[in-house]
Amino acid sequence: FNDKLYFSANNSGGVGRELWKSDGTYEGSEIVADIHSASDSDPKYLVEMNGKLYFTATDTALGNQLFVSDGTTNNATRLSDVNYESGPPKELTAVNNTLFFIAATHSMVTDYIWKTSGETAEQVGYLNGDGYNDAEYLTNVNGTLFLAGQDASGDVELWTSDGTTNTLIDINAAGESSPMYITSVNNKAFFRATESGDTELWISDGAADGTILVKNIYSEGSSNPDMLINFNGVLLFVADFSPGDTWLWKTDGTAAGTTDIVNLDISVGEAP
């Protein structure tokens, strides 16, 4: 951000864990703001949107809050006074000119989706209109927010949102698909999901008929895709080819284009 690296750090000067910036040199590394003068503000979830830096931090007055900064020294402002009692806002995700995040307040028992354009924060409507949410894995995919959250039955499914309308993509009508690790590659959402007890790699363009299984990698069980990452327009991920046989894979989003790269031979049963 602003051609500098912004990060959370705790120095030896007694200011606690605060927001810092660096141009890559010792002389060019300095604290941005001492947000919590008596302790650690512990900045997290740093994300840039419209020329400003957004993050969460703990201040002296209200605890866990959403902050914004232009990156200059001594510039960090609390964006809203919402009481995020259950913990700091998390998964800050910029989509077009809106910042989405997850938080639960004093009166809420599940994680709700919030949004802000940089002024005040407001709650996005319930995903299903019934008070369920438990949202997670917020991801910007070609200007659309993808996430996992509960439907009216309490099952965790794939959703999209524009900040006003939330759309359910019900992969597993007989239960829950439990989407995980949503990753944007070439304007499509890749993710792990379960259908009929089989956990495999899926892809979505945001429409129900455009949400499909990429490939059944392990035909006799679940391949359990993990560690999804966009590498130069190709999705790399780890998956099981057979029990205890973990391989590195790549895909272009088609079954034919989903191939193993190398058998990592994880003999102790741990993913790399």
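The values are calculated or read from the model by the stated rules, or taken from the named source; none is laboratory data. Just so it is clear, the model here is predicted, and its values are computed rather than measured. Cβ coordinates were reconstructed from backbone atoms using ideal geometry, including for glycine residues, and neighbour counts include every protein chain displayed. All accessible areas refer to the heavy atoms of the entire protein, side chains included, with ligands and DNA or RNA removed. Shrake-Rupley method; radii C 1.70, N 1.55, O 1.52, S 1.80 Å.
Quick one, which of (1) 24; (2) 37; (3) 30 is the actual percent of Cα pairs over 31 Å apart calculated for this model?
Matching entry in (1) 24; (2) 37; (3) 30: (2).
How large is the accessible surface per residue of the chain, computed with a 1.4 Å probe and reported in Å² as a whole number?
Per-residue value: 48 Å².
Quote the relative contact order of region 118-213 in percent (integer), defining contacts as alpha-carbon pairs under 8 Å separated by 6+ residues.
Relative contact order, region 118-213: 19 percent.
Can you tell me, using C-alpha contacts under 8 Å and at least 6 residues apart, the relative contact order of the chain as a whole percent?
7
Relative to the present Cα-Cα distance, how much length would full extension add between ASP245 and ASP226 at 0.36 nm per residue of separation?
Taking 0.36 nm per residue and subtracting the Cα distance, the gain is 5.5 nm.
Let me know the shape class of region 1-65, please: from the alpha-carbon gyration tensor, a ≥ b ≥ c as square roots of the eigenvalues, rounded when a/c is under 1.5, otherwise prolate if a/b is greater than b/c, or oblate.
Here region 1-65 falls in the oblate category.
Strictly over 22 Å apart at the Cα level, which of LYS4/LYS44; LYS90/LYS250; LYS44/LYS188; LYS21/LYS44 would you flag in this model?
Beyond 22 Å between Cα atoms: LYS90/LYS250; LYS44/LYS188.
Relative to the Cα centre, what is the charge dipole magnitude of region 201-254, using +1 at the beta carbon of each Lys and Arg, -1 at the beta carbon of each Asp and Glu, and rounding to the nearest 20 debye?
120
Going toward the positive end of the dipole of the chain, with +1 on Lys and Arg Cβ and -1 on Asp and Glu Cβ, which of ASN232, LEU19, MET180 do you reach last?
LEU19
From the Cα gyration tensor of region 130-259, with a ≥ b ≥ c the square roots of its eigenvalues, which class applies: rounded if a/c is under 1.5, or else prolate if a/b is larger than b/c, or else oblate?
Oblate is the answer for region 130-259, as a/c is 1.5 or above yet b/c matches or exceeds a/b.
Quote the charge dipole size of the chain about the Cα centre in Debye, to the nearest 20; the model charges only the Cβ of Lys and Arg (+1) and of Asp and Glu (-1). Don't skip to the end; give the middle numbers.
Numbers: 12 positive and 39 negative charges, 130 e Å.
For the chain, the charge dipole is close to 620 debye.
Could you tell me the distance between the Cα centroids of region 165-236 and region 1-44, to the nearest Å?
38
Determine the share of the chain's accessible area contributed by carbon and sulfur atoms, expressed in whole percent, with a 1.4 angstrom probe.
Ligands and nucleic acids excluded, carbon and sulfur reach 45 percent.
Please list the non-local residues whose amide H lies under 5 Å from the amide H of PHE67, H modeled 1.01 Å from N, same-chain partners needing a gap of 5 or more.
Residues meeting the criterion, in which the H sits 1.01 Å from N, are PHE55, THR56, ALA57, LEU79.
What's the local net charge at GLU157, with K and R +1, D and E -1, over the other residues with C-beta under 9 Å away?
Net local charge, GLU157 excluded: -4.
With +1 assigned to the C-beta of every Lys and Arg and -1 to the C-beta of every Asp and Glu, and no other charges, what is the dipole magnitude of region 116-204 about the Cα centre in debye, to the nearest 20?
Values: 2 positive and 14 negative charges, 70 e Å.
Taking the Cα centre of region 116-204 as origin, the dipole is about 340 debye.
What order, most packed first, do the peptides 26-33, 69-76, 152-159 have when packing is the mean number of other Cβ atoms within 10 Å of each residue? Kindly include the intermediate steps, with their values, before the conclusion.
On the way: 26-33: 13.8, 69-76: 15.4, 152-159: 19.1.
Top to bottom by mean Cβ count within 10 Å: 152-159, 69-76, 26-33.
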